[in-house]
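The values are calculated or read from the model by the stated rules, or taken from the named source; none is laboratory data. Note that this is a predicted model, so its numbers are computed, not measured. In this analysis, Cβ positions are derived from the backbone assuming ideal geometry, glycine residues included, and neighbour counts consider all displayed protein chains.
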């Protein structure tokens, strides 16, 4: 039974890897039983048994995207010794993750936010929950940075979170529309935001 | 013959109005002959005759989105007497256009940029061309503002254009993900950018 479960887990992982590739290139709309079954080399019946319906497969694909980002960026960031290093790692790591084509279309969640913004249902609900969770994480990490460095002048945490997420949204489109300059502009913008926490006063000018 | 042409033009306009509605809610991927024919009350054969193929219909839908934005925002902006008023009108008019649900999903071009970022072909090529045109328009308008007000301290035009387009990208997702606070944050951010041109020194602090 354990061998059978291990094989089942491996098949599920392979299915989700293929679904991630498809979603990253074509949007979550491309995650159909037909396309995923063909890419993963399983039957549509297998998908129906493993996931239930197409929407459940789309939700599992979103969860797999978050899991992949956690493995590659968030978990290593959380192992950093200071809050400022955690913040730098998670913010700049996002750019490396997208630039490194871990998925062929960059950040799947950022793209899905736009794709599903007007399509009410469980996929949009999950994206709204992810969005809240990501914002809470950034807010809490920035607060922790401010506790490490209590002498700094007041920081507008909401504005900082808005700008970090805005740079990501801009960069995720720019890189793939052959607009390398805008991608690098976004990364420099985030670097400048993070530099507001630098102890060197020369580096702590307001972000441009 | 003129009557026949007028009826043809009216039908084409109705088809594109329906295609815009569909694209705005479901993405350009929803612009299929089947869906558009049903919504516009014409046959698929009529669409094939009028547009050629599905991709041509998608391209015509993008052009119609630009045309609609021009009618509602860009042309009125261009009628403003000063470059600063043109810039204010076109930037803040974008937020009013999206907020007013001229299309049910906000700015179709902004959404299509994300949707087609990894799908090579004529649709993506056209989006890249629109992107360049929009950026050139903003850059030229900002240059004209600077000529009207030559005494101001140096302005980083590329950064300003990056931030204006970034606020739009953030806002177009936020409004429809029930994140009104982020939508208003984006609008205030653009207002603060525009305030850098204000002649009142108190209003010309760097944007937060």
>> Could you list, ordered by first residue, the pairs with Cβ atoms under 8 Å in which the first is in the stretch B:111-122 and at positive phi and the second is surrounded by fewer than 24 Cβ atoms within 10 Å (Cβ to Cβ), at least 6 apart or interchain?
In response: B:121/B:55
>> Would you confirm, using the coordinates I've provided, whether residue B:148 is surrounded by fewer than 19 Cβ atoms within 10 Å (Cβ to Cβ), at pLDDT 95 or above and either over 24 Å from residue A:189 (Cα atoms) or in contact with a strand residue (DSSP E or B) (Cβ under 6 Å, 6 or more places away or on another chain) (or both)?
In response: no
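Picking from B:102, B:123, B:90, which residue would you name as being more than 10 Å from every other protein chain (Cβ to nearest Cβ), within 13 Å of the chain's Cα centre (by Cα) and over 24 Å from residue B:160 (Cα atoms)?
Exactly one of B:102, B:123, B:90 is more than 10 Å from every other protein chain (Cβ to nearest Cβ), within 13 Å of the chain's Cα centre (by Cα) and over 24 Å from residue B:160 (Cα atoms), namely B:102.
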> Conditions: (1) away from chain B (no Cβ under 14 Å); (2) buried (at least 18 other Cβ atoms within 10 Å of the Cβ); (3) touching a residue at least 40 places away in the same chain (Cβ under 8 Å). Residue A:51 meets all but one. Number of the miss?
Replying inline: (3)
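Among the residues of the stretch A:168-191, what is the count of those that are in contact (Cβ under 8 Å) with a residue 24 or more places away in the chain and either more than 9 Å from chain B (Cβ to nearest Cβ) or under 20 Å from residue B:187 (Cα atoms) (or both)? If you could, list the steps in order and put the result at the bottom.
Restricting attention to the stretch A:168-191, the residues satisfying the condition of being in contact (Cβ under 8 Å) with a residue 24 or more places away in the chain are A:168-169, A:171-172, A:175-176, A:183, A:186-187, A:189-191.
From what is left, the residues that are either more than 9 Å from chain B (Cβ to nearest Cβ) or under 20 Å from residue B:187 (Cα atoms) (or both) are A:168-169, A:171, A:183, A:186-187, A:189-191.
Residues that pass the stated criteria total 9.
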> Here are some conditions: (1) surrounded by fewer than 20 Cβ atoms within 10 Å (Cβ to Cβ); (2) over 23 Å from residue B:160 (Cβ atoms). Residue B:61 meets all but one. Which one does it not meet?
Replying inline: (1)
>> Can you tell me how many residues within the stretch A:89-98 are touching a residue at least 60 places away in the same chain (Cβ under 8 Å) and surrounded by 19 or more Cβ atoms within 10 Å (Cβ to Cβ)?
In response: 4
>> Going through A:7, A:101 one at a time, which residue ends up being surrounded by fewer than 19 Cβ atoms within 10 Å (Cβ to Cβ) and either modelled with pLDDT under 95 or in contact with a helix residue (DSSP H, G or I) (Cβ under 6 Å, 6 or more places away or on another chain) (or both)?
In response: A:7
> In this structure, is residue A:5 farther than 23 Å from residue A:133 by Cβ and free of Cβ contacts under 8 Å to residues at least 12 places away in the same chain?
Replying inline: yes
>> As an exercise: evaluate residue B:136 against (1) in contact with a helix residue (DSSP H, G or I) (Cβ under 8 Å, 6 or more places away or on another chain); (2) in a helix (DSSP H, G or I) and give the number of the one condition it does not meet.
In response: (1)
> For residue B:42, are the conditions met, namely being within 14 Å of chain A (Cβ to nearest Cβ) and touching a helix residue (DSSP H, G or I) at 6+ places or on another chain (Cβ under 9 Å)?
Replying inline: no
> How many residues does the stretch B:111-120 contain that are assigned to a helix (DSSP H, G or I) and facing chain A (nearest Cβ under 8 Å)?
Replying inline: 4
>> Name the residue that is nearest to residue A:23 (Cα to Cα), counting only residues in the stretch B:126-145 that are within 10 Å of chain A (Cβ to nearest Cβ) and buried (at least 18 other Cβ atoms within 10 Å of the Cβ).
In response: B:127
> Do you know which residues across the stretch B:154-164 are within 15 Å of residue B:190 (Cβ to Cβ) and facing another protein chain (nearest Cβ under 7 Å)?
Replying inline: B:159, B:162
